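Throughout, read-outs are computed from the coordinates displayed, never taken from laboratory work. The model shown is predicted, which means the values in this text are computed figures rather than measured ones. No Cβ is skipped: glycine too gets one built from the backbone with ideal geometry, and neighbour counts run over all protein chains shown.
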Amino acid sequence: MAEPPAYPVGLRLTGRRVVVLGGGQVAQRRLPALIAAGADVLLVSPEATPSVEAMADAGEITWERRAYTSGDLADAWYALIATSDPDANAAASAEAERHRVWCVRSDDADAATAWTPATGHSEGVTVAVLTTDARGRDPRHTAAVRDAVVEGLRDGTLVAPHHRTRTPGVALVGGGPGDPDLITVRGRRLLAEADVVIADRLGPRDLLAELPPHVEVIDAAKIPYGRYMAQEAINNALIEHARQGRSVVRLKGGDPYVFGRGMEELQALAEAGIPCTVVPGISSSISVPGAAGIPVTHRGVAHEFTVVSGHVAPDDERSLVDWPALARLNGTLVILMGVDKIGRIAETLVAHGKSPDTPVALVQEGTTAAQRRVDATLATVAETVVAEDVKPPAVIVVGEVVAVGARTPASGA
């Protein structure tokens, strides 16, 4: 007859005595979770690993530097037996049985009264996996199941919508530079839980195809009232959908606060009393050069990098960029939204002291399947953009790091 499966239960150990026998690698792995659970941990062991000793020095556990003696488990609620002495382990296990203390044994799971599941965490949820067949316990398989579930919850491929605790609101999610794999784990999870997604054209479009059919996808570029009113219309759409009790994701390219007008949207939501979560994203200013094999800093070449917007020309009265100061810097200059203005930008940098031979790289559609890199110099970049038909979106990198990247391209770039 098959042995019945273990009964799963969550122990609430806050303020309750937990005894750990043995200060080796098993204790080192298990103690952090016991500490996080608020347990009053007593470690009994003549020796301990440096990490376990550090926990004792920090006051997270109490350490008695001695071997196990009868009576150590009398006041315990839970015990972890992990010494290298089989006789001591057996004696402690027998004491736990007498005192009705749930006991885990690292040396003999069959002799234990409790098993430690493979656990993982995701956004307030603890996933615990136990093998149901005692005769066929496979710790690696159990851990693999745990990892698959936790990863699915984190990246949104395993959708578990909230019901009781779900709060309507807006999440400003940075989608990264374009490759759907480069969105953050939290961003992907929130996207999977959304009722409404208001997306930029520069957001990772492939992610939209993964959304369930009931999710309403709104193209921010097609919200009415024209270019001048576009941002106000987007703000209004975020507020209106959130007020209808829906979970709204504003999916933006790169990072919401790097030339993404995320703060304007956050302020509008705050004024309307709408709760908002901001999820940072990988900015194209560093990720796209990296994908093209260009480090924005490199030892002995560049100790700084500056990111600027090129959406208005240097001689435009609306420009807030100190281009003459940038021309005097020795580091890397990364220009976003500057393809159609790069000729005038290059002229300004050269006029204020930058060498005309300074290398320039333009990386179009960075991190996507359509990525391409075009190299030039400040003297030739204007004509190169026209000759090579470089189109937005493209990240422009100015500086000697472009030459470094040309010598050692990134794998897959």
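Computed 3J(HN,Hα) for the stretch 303-312, one whole-Hz value per residue from the Karplus formula 6.51 cos²θ - 1.76 cosθ + 1.60 where θ = phi - 60°, is 9, 7, 9, 10, 10, 10, 8, x, 6, 10, glycine and proline marked x.
Estimated at 0.36 nm per residue, the fully extended path between GLN231 and GLU151 surpasses their Cα-Cα distance by 25.3 nm. Under the rule a/c < 1.5 gives rounded, and otherwise a/b versus b/c splits prolate from oblate, where does the chain land using the Cα gyration tensor? Because a/c hits 1.5 or more and a/b exceeds b/c, the chain counts as prolate. Could you pull out every residue, at least 5 positions away or on a different chain, whose amide H is within less than 5 Å of the one on LEU158? Hs are placed 1.01 Å off N in the peptide plane, and Pro or chain starts have none. Long-range HN contacts for LEU158: LEU153. For THR306, the residues 5 or more places off, or on other chains, whose built amide H falls under 5 Å of its own are THR332, LEU333, VAL334.
Placing unit charges on the Cβ atoms of the charged side chains and taking the dipole of the chain about its Cα centre, the candidate lying farthest along the positive direction among VAL44, GLY290, ALA272 is ALA272.
When the chain is treated as a GNM with alpha-carbon contacts under 10 Å, the residue of GLN231, GLN25, GLN364 showing the greatest mean-square fluctuation is GLN25. For the chain, the longest principal axis of the alpha carbon atoms and the long axis of helix 139-155 meet at an angle near 40°. Considering amide H positions built from the backbone, and no H for Pro or chain starts, which residues 5 or more places from LEU172, or on another chain, come under 5 Å of its amide H? Long-range HN contacts for LEU172: ARG250, THR277, VAL278, VAL279.
Between the Cα long axis of helix 342-351 and the first principal axis of the chain there is an angle of about 80°, rounded to the nearest 10.
Couplings for the stretch 21-29, taken from phi via the Karplus curve 6.51 cos²θ - 1.76 cosθ + 1.60 with θ = phi - 60°, read 9, x, x, x, 5, 5, 4, 4, 6 Hz in order; Gly and Pro are left as x.
Assuming a ≥ b ≥ c are the square roots of the Cα gyration tensor eigenvalues, decide whether the stretch 31-100 counts as rounded (a/c under 1.5), prolate (otherwise, with a/b larger than b/c) or oblate. It comes out oblate by the Cα gyration axes. Largest GNM mean-square fluctuation across VAL150, VAL173, VAL125, computed for the chain with C-alpha springs under 10 Å, falls on VAL125. In the chain, excluding the sites themselves, the longest stretch lacking any of the trypsin sites (Lys or Arg not before Pro) that are in a DSSP loop with at most 13 other Cβ atoms within 10 Å is 319-413.
Placing +1 on the Cβ of every Lys and Arg and -1 on the Cβ of every Asp and Glu, with nothing else charged, gives the chain a dipole about its Cα centre of roughly 460 debye.
Per-residue extension of 0.36 nm, minus the Cα-Cα distance of ALA387 and ASP340, leaves a gain of 15.6 nm for this segment. Where does the charge balance sit around TYR78 when Lys and Arg score +1, Asp and Glu -1, over other residues with C-beta under 10 Å from its C-beta? Local net charge: +2. Between GLU47 and VAL125, the contour length at 0.36 nm per residue exceeds the alpha carbon distance by 24.6 nm. Among PRO212, PRO256, PRO177, the largest mean-square fluctuation in a Gaussian network model of the chain, built with springs joining Cα atoms closer than 10 Å, belongs to PRO212. In terms of its C-alpha gyration tensor, the stretch 169-279 has a rounded overall shape, because the principal axis ratio a/c (a ≥ b ≥ c, square roots of the eigenvalues) stays below 1.5.
The count of lysine pairs in the chain with alpha-carbon distances below 24 Å, taking only pairs 8 or more places apart or on different chains, stands at 6.
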